[in-house]
Amino acid sequence: MPRPISDAIVFFGATGDLAYKQIFPALQGLVRDEGLDVPIIGVAKAGWSLAQLKERAKDSLSSHGGLDTKAFAKLTSLLRYVDGDYNDPSTYVTLHQELKDARRPLHYLAIPPSLFATVVEGLANQGAGTDARLVVEKPFGHNRESARQLDRILNRFFPEEDIFRIDHYLGKEPVQNILYTRFANSMFEPVWNRIYINSIQITMAESFGVQDRGKFYDETGAIRDVFQNHLLQVLANLTMDPPTGEESDAARDQKADLLKALRPLDAAHVVRGQYAGYRSVPGVRAGSTVETFVATKLFIDSWRWAGVPIYIRAGKALPVTTAEIMVDFKRPPRESFAEIIPPASGHMRLRISPDVTIALGLRVKRPGEGMRGEDVELILTEQATAFIPPYQRLLGDAMHGIGDLFGRQDIVDAQWRVVEPVLNDAAPPIIYEQGSWGPTEANELIGSDGPWHNPKPTVPRP
Ligand code: BG6
C-alpha cells in the first residue's frame, strides 16, 4: 500500500558540503521532474540569512548539475532557513514554527554522525518525531558496536520503517540494473552458482586522491569509506537470491540473507595500500597507516556460492575512474578441439560506473580451416550517463516512504560483521605509486584466479 508522502523537507547542515554538492541539485531535480511543492527548510549554525542560503543554492547548482532557471525560481520560493545551534532547544522551537501545519516532515541529517543524537532528541522534544521520516548518511557508525549504538539512539525516536540510511550507490541506475538484468531474464539464474562460476571480481577505481577530504578520510580509510557499504551492496545485488513474495521488503530480506552468509574477512586475505604522497595531504596525520587501497578475497558460505572466491578491490589514485564487475565462468570440462581454451573466455562483464555496460564474453570459431577460436564480447547494453542522479532518486523515494534502495539495520550490521576483523589493522599499508594499480601484493592475493581485470577508461561518445 502506498505510504503518505512527506509534506515538508528539513535539512540539517544546510550550509555544508553535502548540501552544496548533492542536496540542492537533488531538490532542483525533484522540483523540475516531479513537481515537488512542499516547504524546504535548511537548518545550520552559520549566522546566515535566507538570502545567503539562496545564494549558496545558486552557486551549488551552477557547479553541480546546472541551474534550471524555472525550477530554481520555484525552489527558492519554497526555501526557508533556520539559523541556530543544534544544542539549543530554541532552534527546534523556531523550526516547529517554520513547519507550520506540516504533519509528516522528512528530516535529512546532512551533519556529522556525532550530532545525530542531539538533533533527533531536539526534534523529538518538539514533537517533530511523530509521523516524521529521518534520512541519515553513511558512515553509519565506525564499527559494528557504534553502528548498533547509533541505531539505538535513532530507534528511540523513529521506528525503523521511517529511517532511511543513504548509501548513494544503491540510487545508481547501473547498480539497480544488476538486479534487474539478473531477475528479468531466466537464462542467468541456472548458471549463477558455484557449478558454473569460477570466480568473481569487483573493482572500484578512482584516478583522484582524497582531495580536500584529508581529515575525514584519515579517520575512515578505504574499507570503511567504500568497501563496507558501496561494494558489499554491489556484491549483494550480484549474488543474492531472487526476491520472493509481495512484501515491500522482499528484496532487502534476500539481500540481508546474502550479507549474513558472507564470511568475515581474514587478515591473510586483505592487502592494504596507501598511495605515495597521501601523508602530505592537509588533514592527514603524519605517519598515517590509513589505507587508500584495499584488495580482498571473500567467500559466501551458502550452497549456491560455496568455494567461489570473490575478489574485491578499491583504491584512490589508480589509473582510471570506473567500477566494473567481472564474473568468470568455468572453462569447459575438457578440450574438444586442438587448442586450449584460455581462461576468462566465458565471462559476464558489468560496468557500473560511470556508464553502464553489460557484456557476455564467449568463444567462437575463427573462420578458416581447423577448429580454432577467438574470444568475442557480446554487448547486451551500453548506456551513457543520462540517469536520474542517485540523490534525487533516493530523496524522492524517502519522501514516498519507499525503503528498497536504503540500508536497513540488519543489513548494515551484517556489513560491519564482514569487515570487523580487519578494521583495527595498524600495520603500515604498502605504499604504491599514484597512477598504478596498487601494490603488487594484490596480484599474489588473486594468484591463479587472476589476473585482475583492469577496467578501461570511458571513451567519450561522439
Ligand atoms: C563516497 C566516498 O561515498 O563515494 C568517496 O566517500 C567516493 O570517497 C565516492 O569517491 C564515490 O562515489 P561516486 O558516485 O563518485 O562513484
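Screening H142 with (1) open to solvent by less than 30 Å² (accessible area, probe 1.4 Å); (2) within 16 Å of the ligand (Cβ to nearest atom) gives one miss only, at (1). The single condition from (1) among the hydroxyl-bearing types (S, T, Y); (2) farther than 24 Å from V270 by Cβ; (3) within 15 Å of the ligand (Cβ to nearest atom) that T357 fails is (3).
Residues in segment 249-273 that are in contact with a Lys or Arg (Cβ under 7 Å, 6 or more places away or on another chain) and within 27 Å of D218 (Cβ to Cβ): P264, H269. Residues satisfying the criterion are present in segment 332-354 (criterion: surrounded by 16 or more Cβ atoms within 10 Å (Cβ to Cβ), hydroxyl-bearing (S, T, Y) and within 16 Å of the ligand (Cβ to nearest atom)).
Out of A267, A205, A276, one residue alone is touching a strand residue (DSSP E or B) at 6+ places or on another chain (Cβ under 8 Å), in contact (Cβ under 8 Å) with a residue 40 or more places away in the chain and over 30 Å from L360 (Cβ atoms). It is A276. For T321, state whether it is out of contact with any Leu (no Cβ under 9 Å at 6 or more places or on another chain) and either over 20 Å from L259 (Cα atoms) or hydroxyl-bearing (S, T, Y) (or both). Criteria met by T321. Report yes if some residue within segment 218-227 is away from the ligand (no atom under 15 Å from the Cβ) and touching a residue at least 12 places away in the same chain (Cβ under 8 Å); otherwise report no. No, segment 218-227 contains no residue that is away from the ligand (no atom under 15 Å from the Cβ) and touching a residue at least 12 places away in the same chain (Cβ under 8 Å). Scanning segment 166-200 for residues that are in a helix (DSSP H, G or I) and within 16 Å of the ligand (Cβ to nearest atom) yields H168, Y169, L170, G171, E173, P174, V175, Q176, N177, I178.
The conditions of being assigned to a loop (DSSP other than H, G, I, E, B) and either open to solvent by less than 10 Å² (accessible area, probe 1.4 Å) or within 16 Å of the ligand (Cβ to nearest atom) (or both) are met by S207.
The values are calculated or read from the model by the stated rules, or taken from the named source; none is laboratory data. Since this is a predicted model, take the numbers as computed values, not measurements. Every residue, glycine among them, receives a Cβ derived from its backbone with ideal geometry; neighbour counts consider all protein chains shown. These area figures cover heavy atoms from the full protein model, side chains too; ligands, DNA and RNA do not enter into them. Shrake-Rupley method; radii C 1.70, N 1.55, O 1.52, S 1.80 Å.
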